[in-house]
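A short write-up of the structure that comes next.
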Amino acid sequence: MSDASEVLCALNAHDWSEPQYESDDSCLIVEFCKRGCGAIIEVEEKHEWNEAQYESDKSCLQTRTCERCKEEEEGEVHEWCDPEYESENSCQLVEICKRCGDVQETGEMHDWSDWEYASEDECVRHCYRCNEDEFQDHEWNNGICECCNTSLDEIES
Ligand SMILES: [Zn+2]
Ligand SMILES: [Zn+2]
Ligand SMILES: [Zn+2]
Ligand SMILES: [Zn+2]
Ligand SMILES: [Zn+2]
């Protein structure tokens, strides 16, 4: 190494190589100093995963292996059915996994009636499935509630 490059390397002004794998069985991509001073920087880790395999028929655990460094990674991949009601009188939607039978809640879907007048302040609607009542303030627009169609005059009289 010439004196000039030694000075440059000492100042951290290295002559970096193109990014490349550190070794054949490593997934670390590095750049090293082409002047041979031993300086090296890690750029990124880049695995070459093979196709993930389920561990067993009833399991949703998958493993995949890196072709290069043989590292293994586990993950969970469910096969969810379309959402359905949890039970006849429930408005809770669930999805069931075809493989492992896992259940996840995906939301609620009520079967609401129209809004009706409940009190001076509120209208109410009723769910035909789960019997839940939902209240909300009237939404007055020109003296008429946009939900339950009650007019202010009716309330005041
Ligand atoms: Zn260097
Ligand atoms: Zn790897
Ligand atoms: Zn599953
Ligand atoms: Zn409901
Ligand atoms: Zn109303």
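Does at least one position in the stretch 93-104 carry a residue that is of a type outside the set (Ser, Thr, Tyr) and within 16 Å of ligand 4 (Cβ to nearest atom)? Yes, the stretch 93-104 contains at least one residue that is of a type outside the set (Ser, Thr, Tyr) and within 16 Å of ligand 4 (Cβ to nearest atom). Mind checking which strands (runs of 3 or more DSSP E) fall wholly inside the stretch 61-157 and carry at least 1 residues that are at pLDDT 95 or above and exposed (fewer than 13 other Cβ atoms within 10 Å of the Cβ)? It comes to 72-76, 103-108, 133-137. Within the stretch 82-96, does at least one residue satisfy the condition of being within 16 Å of ligand 2 (Cβ to nearest atom), of a type in the set (A, V, I, L, M) and in contact with a strand residue (DSSP E or B) (Cβ under 7 Å, 6 or more places away or on another chain)? There is no residue in the stretch 82-96 that is within 16 Å of ligand 2 (Cβ to nearest atom), of a type in the set (A, V, I, L, M) and in contact with a strand residue (DSSP E or B) (Cβ under 7 Å, 6 or more places away or on another chain). If you go through the stretch 24-42 one residue at a time, do you hit one that is touching a helix residue (DSSP H, G or I) at 6+ places or on another chain (Cβ under 8 Å), assigned to a loop (DSSP other than H, G, I, E, B) and of a type in the set (A, V, I, L, M, F, W, C)? Looking through the stretch 24-42, at least one residue is touching a helix residue (DSSP H, G or I) at 6+ places or on another chain (Cβ under 8 Å), assigned to a loop (DSSP other than H, G, I, E, B) and of a type in the set (A, V, I, L, M, F, W, C).
The values are calculated or read from the model by the stated rules, or taken from the named source; none is laboratory data. Since the model is a prediction, treat every value here as computed from it, not as a measurement. Positions of Cβ are generated from backbone atoms using ideal geometry, with glycine treated the same way; all protein chains shown enter the neighbour counts.
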